[in-house]
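First up is the structure itself, then whatever we jot down about it.
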Amino acid sequence: MTSMFGGGWRRRNASWRERACLLVALFAVVWICFGVNVWGGVPIRFHTDRAGYVSLNIYGVDGSVARQLLTASWMAEGDHDVIWDGLTTPAAARAGEALPAGEYSWKAIFHEGLGVKLRGWACNGGVRPWESADGKGDWGGDRGTPSAVTADAERVYLGWTLDETGRAVVACDLEGRAVWSHRGGIAGGCKALGVDDGMVYVLGGTEGEEAEGGAIYRLRAGDGASVPWPNGEASLKITSLWPADGTPKPHWADAMAVRTGRIYLSFTGAQFMSVLDAKSGAYLETVVGAPPGAVDAVPTKTELPGKPGVMVDADFAVTALHGGVLGKLLLNHDPMWIVVSDLTPLEREERITALTMLGDGAKFHRHDVFLGLDAPFHQVQARPILQAEGFTWIAGRAGGRSLLGPWQPDGLRNIRAVALDGAGKLWVAEGDGFPKRFSVWDTGGNRGRLARELFGAADLGARGGAIHPNDPNLMVGQGCEWRLDPKTGKASCLGVITREGMDSARFGVGPQGRVYLVVRHSEDGPVSIFERVADGDYRMRARIFPADADLKELPASSPREVMAAARTVFWADENGNGEREAGELHVAPGAWRFGGWSLPVTPDLALCGTNSRRGHHGFEFKPIGWTACGAPLYDFAHPAVLPTFGESSSDGRLTLQWDGARFTCWDAATARARWSYPGAGDVPAATAWVEGQIFGARGACGCVKLPAPIGNVWVIPTEAGDWHLLTEDGFYLSRLFESDPSKAQWPADAIPGADMSRASLAAIHGAFGGSVTLGTDGKVYLQAGQRAFWNLELTGLDTVRTLGGGRVTLVRDRKAETPSTSSGP
């Protein structure tokens, strides 16, 4: 091999001195040619016996990190020489600072690549729990609850009240597999659905009145493509139906059905129903009467009054009047007029919230109507149209499913819409958020049997999820507990834990291996501690909340009052009755706040918080005892003072602080900073990711402790969609996921074991979720997701090892003040 200077290598492996001299010569050439002052850089040499990723830190004599020189940098197999310029780690927008001359040391770690593989997911009924180009991925409205359902012979169409980054309308086959989906616009929503002649009609639209039923738009049933109205407009505004005569008219409709070329709209408050032409949107007829609600219609034949034997096309329509009266209308088609009307009052407590019809299209009196009944029944009943006082078929347990506790799949709640599919099964949209569910019921016999249940979508960013440390097939999210099927990856609901929401959640373990779940219900809201007793059965044992002078809990909807609270109450249940009794309330002055966007809790249930009266310090509370029923007790009067507020390490020795510009790791015992790592709270526009950059951070979502050389490692999600791992020694261990959605690589199928390493979470638009769990099996599990709670395993940790280390001496030229000499390992 001939060198660029005309000489040659005398033997295959040159000495360190020869290589150092050549390196200095090369840098001298660079300086001469390009004017870059690199004279005197400190070279560090190491060897990798295989290709992989190297993280290398420079340490000062006190053990603190002086420079993160390599941050999971890709290295081929062989010898490597890197140059330290004598500067600290550069920040996102500025160069590093010069360090003083002196003795330093270096350490490096190596791995062959960390990744994540899919184990399963919860709270999402999609074919794939992520968005995909074929429209079959993702599922439903992330901000809303199920609100609508309609069906034709081939498909079922589902609607949600509100979506932000999700899908307000999803079309699926009769088995519940998504075929296409449609986003309703920015904060779009769906109030009702209808399908007729190959067209899906959506009562809803974008944010505001339209999403509340202020417009109707159309989608092609086959592929979900938008179909404008004849005037070229995408939406038919409800306000455009009324003449501009100054008379107040409704801005939105309350219910809709579409049949045989007609759109039926209910305006409950205005006490009338309107009929429109489905093809043109033209106004045809008004039916005035008692306040109408849910409505449906079917085609039929009728004999004209006074003309025996003369049969004409008509629509037989039913509507819920006053909520508990079934109104029946027979409407001629051409010209449109009411042939007959009738009323059937139900029992006093029966309130109809949804209805659909099935029967012989030639004779209206042979129809059955399926009625969704609200509280106290929470059931669907089939009633013959001419004998609607009694039912022939019923679905759902009496009184509906329990609000909390183990899951009761045969119970319905908050029925908002019903529809019969082409196979004769009944689909029910349940407008409950804990969990969100569409249920499917067999209609044979006289009792409905649950055939299928479809959950989700998870709220934006899938916040508040966590994986059970003893059984990674158990996880929580959306206020519920879920069990994954390890073969399919899909999850079944085990029970409802809380109906207050779960902004952040962490598992912990108490005495005798008792498992606890710590939940913060909203960003500035109360914190509850539940004990897991059995599948889906969680008992609240303790709660921390801001209180008024009478020790009554301040609502989380009043953030100013909460933050200005003069006292915080900690309740610990003594006897297991779940009631707050006087002797169980412990009062601490000031407003205690636990966490920022994430809840810092260690596996032994130590809580980290701040107090409005105690400055910017952090405080840690470890359980000092347990009540008879197993509630943890904390001493709010004597907390352990931390150097700052942040995410404690899993063993409690360290605290990771995020100040919006950098992460700093503090030693809890000495209050000394061990290292810092630069970041940025915002994501710069059009900025390509380079190794080691952390953009869009808000802090860590948890920490786990692993064997050396990793030790404690913090997991940091970002708004950019990528996640980052920082170790207790200040190493940047790895990046997870892809920050650029255009570069994302998704698995072809959502199956256990699928590689999610290059998946992207960037579509969340500012929502931060996620958690990390160290299983009792020694594996690390990550909960992440967009509109589903993904259950992931962190892979590649078995390849992490120490690469080497040694001493370096930084000597600065007195004239140029640049590094000039070094000593190797």
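The values are calculated or read from the model by the stated rules, or taken from the named source; none is laboratory data. These figures come from a predicted structure and were not determined experimentally. Cβ atoms come from the backbone with ideal geometry, glycine included; neighbour counts cover every protein chain shown. SASA here: full protein model, heavy atoms, side chains in, ligands and nucleic acids out. Shrake-Rupley method; radii C 1.70, N 1.55, O 1.52, S 1.80 Å.
Odds and ends about this structure:
- Looking across segment 81-106, just one residue is open to solvent by less than 30 Å² (accessible area, probe 1.4 Å), of a type in the set (A, V, I, L, M, F, W, C) and modelled with pLDDT under 90, and that is A91.
- Of the residues W180, W139, the single one that is outside any loop (DSSP other than H, G, I, E, B) and either among the aromatic types (F, W, Y) or in contact with a Phe, Trp or Tyr (Cβ under 8 Å, 6 or more places away or on another chain) (or both) is W180.
- Among the numbered conditions (1) without any contact (Cβ under 8 Å) to a residue 40 or more places away in the chain; (2) buried (at least 22 other Cβ atoms within 10 Å of the Cβ); (3) under 26 Å from R801 (Cα atoms), the only one that A697 does not meet is (3).
- Test: G204 is open to solvent by less than 30 Å² (accessible area, probe 1.4 Å), farther than 22 Å from R155 by Cβ, within 29 Å of the chain's Cα centre (by Cα) and not charged (D, E, K, R): no
- Yes/no for W666 being part of a strand (DSSP E or B) and in contact with a strand residue (DSSP E or B) (Cβ under 8 Å, 6 or more places away or on another chain): yes
- Positions within segment 647-663 being assigned to a loop (DSSP other than H, G, I, E, B) and not polar (S, T, N, Q), in sequence order: D651, G652, R653, D659, G660, A661
- Where F621 falls short, out of the listed (1) closer than 29 Å to R567 by Cα; (2) touching a strand residue (DSSP E or B) at 6+ places or on another chain (Cβ under 6 Å); (3) of a type outside the set (S, T, Y); (4) in contact (Cβ under 8 Å) with a residue 24 or more places away in the chain: (4)
- Some residue of segment 326-342 being at pLDDT 80 or above, open to solvent by less than 20 Å² (accessible area, probe 1.4 Å), part of a loop (DSSP other than H, G, I, E, B) and within 23 Å of G448 (Cα to Cα): no
- Residues (of a type outside the set (A, V, I, L, M), crowded, with 19+ Cβ neighbours inside 10 Å and in contact with a helix residue (DSSP H, G or I) (Cβ under 8 Å, 6 or more places away or on another chain)) located in segment 570-592: W571, D573
- Out of P623, P678, P632, P603, one residue alone is of a type outside the set (A, V, I, L, M), modelled with pLDDT of 85 or more and surrounded by 23 or more Cβ atoms within 10 Å (Cβ to Cβ). It is P632.
- Among the residues of segment 254-266, some residue qualifies, meaning at least one is modelled with pLDDT under 90 and open to solvent by 10 Å² or more (accessible area, probe 1.4 Å).
- Checklist (1) among the small types (G, A, S); (2) within 22 Å of D749 (Cα to Cα); (3) touching a strand residue (DSSP E or B) at 6+ places or on another chain (Cβ under 7 Å); (4) at pLDDT below 95 applied to G185, failing item: (2)
- Candidates A153, A171, A211 - the one that is assigned to a helix (DSSP H, G or I) and in contact (Cβ under 8 Å) with a residue 40 or more places away in the chain: A211
- Qualifying residue in segment 107-118 (condition: farther than 29 Å from Q783 by Cβ, open to solvent by 40 Å² or more (accessible area, probe 1.4 Å) and part of a strand (DSSP E or B)): yes
- Boolean, T644 is open to solvent by less than 50 Å² (accessible area, probe 1.4 Å) and either more than 28 Å from P90 (Cβ to Cβ) or assigned to a strand (DSSP E or B) (or both): no
- Once segment 457-472 is narrowed to residues that are out of contact with any Asp or Glu (no Cβ under 8 Å at 6 or more places or on another chain) and at pLDDT 95 or above, the residue that is most open to solvent (accessible area, probe 1.4 Å) is N470.
- Of everything listed in (1) farther than 22 Å from A417 by Cβ; (2) modelled with pLDDT under 95, the single unmet condition for E212 is (1).
- Of all residues in segment 512-532, none are open to solvent by 50 Å² or more (accessible area, probe 1.4 Å) and assigned to a strand (DSSP E or B).
- Condition check for S676 on (1) closer than 30 Å to Y59 by Cα; (2) in a loop (DSSP other than H, G, I, E, B); (3) small (G, A, S): one failure, at (2).
- Per-region count, segment 131-151, residues within 25 Å of L426 (Cβ to Cβ), open to solvent by 10 Å² or more (accessible area, probe 1.4 Å) and at pLDDT below 95: 1
- Scanning segment 268-293 for residues that are surrounded by fewer than 18 Cβ atoms within 10 Å (Cβ to Cβ) and hydroxyl-bearing (S, T, Y), we see that the one that is modelled with the lowest pLDDT is T286.
- Annotation note: Cβ proximity below 9 Å between a residue of segment 725-746 that is closer than 22 Å to A708 by Cβ and β-branched (V, I, T) and a residue that is in a loop (DSSP other than H, G, I, E, B) and at pLDDT 90 or above (sequence gap 6+ or interchain) occurs for T727/P709; T727/I710.
- Among the residues here, D277 does not qualify as within 25 Å of G135 (Cβ to Cβ) and of a type in the set (D, E, K, R).
- Residues in segment 740-756 that are open to solvent by 30 Å² or more (accessible area, probe 1.4 Å) and assigned to a loop (DSSP other than H, G, I, E, B): D740, Q745, W746, A748, D749, I751, P752, G753.
- You will find that of W723, W675, W666, the residue that is within 26 Å of G652 (Cα to Cα) and within 26 Å of the chain's Cα centre (by Cα) is W723 and no other.
- Residues of segment 154-177 include none that is modelled with pLDDT under 95, surrounded by fewer than 21 Cβ atoms within 10 Å (Cβ to Cβ), acidic (D, E) and over 26 Å from A788 (Cα atoms).
- Boolean, G489 is in a loop (DSSP other than H, G, I, E, B), at pLDDT 95 or above and either more than 28 Å from I352 (Cα to Cα) or open to solvent by less than 30 Å² (accessible area, probe 1.4 Å) (or both): yes
- Leading residue by the ranking (modelled with the highest pLDDT) among those in segment 298-310 that are more than 49 Å from the chain's Cα centre (by Cα) and surrounded by 12 or more Cβ atoms within 10 Å (Cβ to Cβ): K301
- Members of segment 724-739 found to be assigned to a loop (DSSP other than H, G, I, E, B) and open to solvent by less than 10 Å² (accessible area, probe 1.4 Å), listed by number: G730, F731, F737
- Checking every residue in segment 408-431 against the condition of being more than 29 Å from I497 (Cβ to Cβ), outside any loop (DSSP other than H, G, I, E, B) and of a type in the set (K, R) gives zero matches.
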